[in-house]
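The values are calculated or read from the model by the stated rules, or taken from the named source; none is laboratory data. These numbers were taken from a predicted model, which means no experiment stands behind them. Reconstructed Cβ throughout: ideal geometry from the backbone, glycine too, with neighbour counts over all protein chains shown. These accessible areas exclude ligands, DNA and RNA; they are computed on the full protein's heavy atoms, side chains included. Shrake-Rupley method; radii C 1.70, N 1.55, O 1.52, S 1.80 Å.
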Amino acid sequence: MNAADVRHILDTIGAMFPDARCELNHSNAFELTIAVLLSAQCTDATVNKVTADLFRKYKTPEDYLSVPLEELEQDIRKIGLFRNKAKHIHNLCRILLERYGGEVPHEHEELVQLPGVGRKTANVVVSNAFDVPAIAVDTHVERVSKRLGLAGWDDSVLEVEKKLMKRVPRDEWTLTHHRLIFFGRYHCKAQNPKCEVCPLLDVCREGKKRMKKPRSRKNKEEA
């Protein structure tokens, strides 16, 4: 894929979702870190419902540590893997107080050392909270990148991230991350992508394959 093809993809998705942004509700870096931690294997919509009450009750790391683990578990019980995530939150808050004065560190290398914070979460935090260009690869970004040929079918998440960083201008990394998520969440869905109305069908290998599939026998009989 050449630079012109990449530019075409970025501009087209940008025109479709010019206002793409982080959909996890938060008011500071600490809340964002907690929200992204909770979002693993869970929808942003569900996380936002839980954090609406959670962030009113807990404002600081001290607040989370002031209650028993079981109470925190109940507060986030609607989230998948809530017991593990509650443990991560308690341990994360303890480390923030012991090492960072209760503040979320700005450095990616320090963020990934925190409990429950992987590379994707760290990328989301540095890019959205601290304005450091980064491309976080979630399930939507990975799927869209592979379908459009921005990455290989067998690439790992890290390989997808590296290829996107190489192909996309650095000052567009964060915005591209948001736009790829919106494109994957609302248009190029996992099960029922809108290939028939997609403006990128001409460069999408997955879309071309899907559009070539013969109609089902039922549809043929109805025709």
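What the table shows:
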read-out: Unmet requirement for residue 50, which otherwise passes all of (1) over 19 Å from residue 116 (Cα atoms); (2) crowded, with 17+ Cβ neighbours inside 10 Å; value: (1)
read-out: When residues of segment 77-102 are limited to those that are in a loop (DSSP other than H, G, I, E, B) and charged (D, E, K, R), the one nearest to the chain's Cα centre (by Cα); value: 78
read-out: Filter result (part of a loop (DSSP other than H, G, I, E, B) and of a type in the set (Lys, Arg)) within segment 47-76; value: 59
read-out: Tabulated pairs, segment 185-197, first without any contact (Cβ under 8 Å) to a residue 12 or more places away in the chain and charged (D, E, K, R), second open to solvent by less than 60 Å² (accessible area, probe 1.4 Å) and assigned to a loop (DSSP other than H, G, I, E, B), C-beta under 8 angstrom, 6+ apart or interchain; value: 194/187; 194/188
read-out: Residue ID - farthest from residue 43 (Cα to Cα), chosen from residues in segment 64-91 that are open to solvent by 70 Å² or more (accessible area, probe 1.4 Å) and among the basic types (Lys, Arg); value: 87
read-out: Some residue of segment 28-46 being over 18 Å from residue 119 (Cα atoms), free of Cβ contacts under 8 Å to residues at least 24 places away in the same chain and part of a loop (DSSP other than H, G, I, E, B); value: yes
read-out: Looking only at segment 14-43, and only at residues there that are out of contact with any helix residue (DSSP H, G or I) (no Cβ under 8 Å at 6 or more places or on another chain) and farther than 21 Å from residue 131 by Cβ, the one that is modelled with the highest pLDDT; value: 15
read-out: Some residue of segment 21-29 being among the small types (Gly, Ala, Ser), open to solvent by less than 70 Å² (accessible area, probe 1.4 Å) and touching a Leu at 6+ places or on another chain (Cβ under 8 Å); value: no
read-out: Condition met for residue 171 (acidic (Asp, Glu), out of contact with any strand residue (DSSP E or B) (no Cβ under 9 Å at 6 or more places or on another chain), modelled with pLDDT under 95 and closer than 30 Å to residue 36 by Cα); value: no
read-out: Helices (runs of 4 or more DSSP H) (entirely within segment 106-223) containing at least 3 residues that are open to solvent by less than 40 Å² (accessible area, probe 1.4 Å), under 20 Å from residue 17 (Cα atoms) and among the hydrophobic types (A, V, I, L, M, F, W, C); value: 173-186
